[in-house]
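Trainee: Can you read through this structure? Questions will come right after.
The values are calculated or read from the model by the stated rules, or taken from the named source; none is laboratory data. Just so you know, these numbers come straight off a predicted model, no measurement behind them. Here the Cβ positions follow ideal geometry from the backbone for every residue, glycine too, while neighbour counts run over all protein chains shown. Just so you know, the surface numbers come from the protein's heavy atoms only, side chains and all, with ligands and any DNA or RNA stripped out. Shrake-Rupley method; radii C 1.70, N 1.55, O 1.52, S 1.80 Å.
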Amino acid sequence: SHGLESLVADGIVGDPDGLARVLETSLAKRMATSDLVSLIATHRAMSSGDLDLVTAIDRTLTATKLGSEERQGSERTGRRLLIEVGRMLGETNPHPAREYCLQVEGGCAPGNWAVAFGIGAWSLEIEAPHAALAACHSFTSGLLGAAMRCMKLGHGDAQRLLREAQPTMVAAVTEAQRVPWPQMFSGAPHLDIATGRHQQLEARMFAS
């Protein structure tokens, strides 16, 4: 839930307007300055065949995720994505994406989902900005899906918020292309705290 469940439990977010603010902040202050930065940088590194650089980007992204649940969730999702990319490419086809997947499985790299997304996009010949937009859409849809389970939110409001978030997604991708990957950061401390506090909730619907 990316911290949303904690915010709902604390009574900080309880309606579509509050959810819209969380979504906008997540896209503009977290995705645009960390996950999308790593996705785009990974795509570029894969183009030059530099897996060591991909590993450095991957580890830097992990350092921006302060909550242990968030780190674990990002890594679990990323590893699953890498496996599926490998299957799409064919099990017997040697490919840098499969090589990086082996490094992740061997514990040599974290395998964050944004890095895996960048690897998958490069492997499937999808341009980095388009892949970053797709990642924004995936994140937004996931957050709205979580909201429908942990607060009062109907399908109509969810679709409206998804549509209204489109300009923020575009702006996030534009900003991410300007941030050098060694300078990636999370710029929403209140969301970092919410994700960190999640593991302390007495009752939890989500794993992170």
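Trainee: Only one residue in Ala131, Ala165, Ala146, Ala114 is out of contact with any Ser or Thr (no Cβ under 7 Å at 6 or more places or on another chain), of a type outside the set (Lys, Arg) and surrounded by 15 or more Cβ atoms within 10 Å (Cβ to Cβ). Which one?
Mentor: When all the criteria are applied, what remains is Ala131.
Trainee: Would you please name the residue that is surrounded by the most Cβ atoms within 10 Å (Cβ to Cβ), looking only at residues in the range 7-29 that are among the acidic types (Asp, Glu) and within 18 Å of Thr168 (Cβ to Cβ)?
Mentor: Ranking the candidates gives Glu24 first.
Trainee: Let me ask another. Just one of (1) out of contact with any Phe, Trp or Tyr (no Cβ under 6 Å at 6 or more places or on another chain); (2) farther than 23 Å from Trp122 by Cβ trips up Ser1, so point out which.
Mentor: Against the list (1) out of contact with any Phe, Trp or Tyr (no Cβ under 6 Å at 6 or more places or on another chain); (2) farther than 23 Å from Trp122 by Cβ, Ser1 comes up short only on (1).
Table: residues versus (1) of a type in the set (A, V, I, L, M); (2) free of Cβ contacts under 8 Å to residues at least 12 places away in the same chain; (3) farther than 28 Å from Ala194 by Cα; (4) buried (at least 18 other Cβ atoms within 10 Å of the Cβ).
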residue: Gly78; (1), (2), (3), (4): no, no, no, yes
residue: Leu81; (1), (2), (3), (4): yes, no, no, yes
residue: Met88; (1), (2), (3), (4): yes, no, yes, no
residue: Ala97; (1), (2), (3), (4): yes, no, yes, yes
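Trainee: Specify which of the listed residues (Val179, Val170) is within 19 Å of the chain's Cα centre (by Cα), outside any helix (DSSP H, G or I) and of a type in the set (Val, Ile, Thr).
Mentor: Val179
Trainee: Considering only the range 42-61, state which residues are touching a helix residue (DSSP H, G or I) at 6+ places or on another chain (Cβ under 6 Å) and either open to solvent by 10 Å² or more (accessible area, probe 1.4 Å) or without any contact (Cβ under 8 Å) to a residue 12 or more places away in the chain (or both).
Mentor: If the condition is that a residue be touching a helix residue (DSSP H, G or I) at 6+ places or on another chain (Cβ under 6 Å) and either open to solvent by 10 Å² or more (accessible area, probe 1.4 Å) or without any contact (Cβ under 8 Å) to a residue 12 or more places away in the chain (or both), then His43, Leu51, Leu53 are the ones that fit.
Trainee: I'm checking my understanding of the structure. Among residues of the range 83-104 that are of a type in the set (Asp, Glu) and in a helix (DSSP H, G or I), which one is nearest to the chain's Cα centre (by Cα)?
Mentor: Glu84
Trainee: Turning to a different aspect of this structure: With respect to the numbered conditions (1) closer than 27 Å to Val104 by Cβ; (2) at pLDDT below 95; (3) surrounded by fewer than 20 Cβ atoms within 10 Å (Cβ to Cβ); (4) of a type outside the set (S, T, N, Q), which one is the sole condition not fulfilled by His198?
Mentor: It is condition (3) that His198 fails.
Trainee: Just the residues that are open to solvent by 40 Å² or more (accessible area, probe 1.4 Å) and either part of a helix (DSSP H, G or I) or modelled with pLDDT of 95 or more (or both), please, taken from the range 149-162.
Mentor: Once the filter is applied, which keeps residues that are open to solvent by 40 Å² or more (accessible area, probe 1.4 Å) and either part of a helix (DSSP H, G or I) or modelled with pLDDT of 95 or more (or both), the range 149-162 yields Arg149, His155, Gly156, Asp157, Gln159, Arg160.
Trainee: Residues that are within 25 Å of Glu127 (Cβ to Cβ) and polar (S, T, N, Q): list the helices (runs of 4 or more DSSP H) wholly contained in the range 10-82 that include at least 1 such residues.
Mentor: By residue number, 36-47, 51-64.
Trainee: Taking the condition in contact with a His (Cβ under 9 Å, 6 or more places away or on another chain) and either assigned to a helix (DSSP H, G or I) or surrounded by 20 or more Cβ atoms within 10 Å (Cβ to Cβ) (or both), does Ile126 pass?
Mentor: When the stated conditions are applied, Ile126 does not pass them.
So that you can scan it fast, the table gives a plain yes or no per residue for (1) at positive phi; (2) among the β-branched types (Val, Ile, Thr); (3) at pLDDT 95 or above:
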site	(1), (2), (3)
Pro110	no, no, yes
Ala135	no, no, yes
Phe139	no, no, yes
Val173	no, yes, yes
Gln177	no, no, yes
Ser186	no, no, no
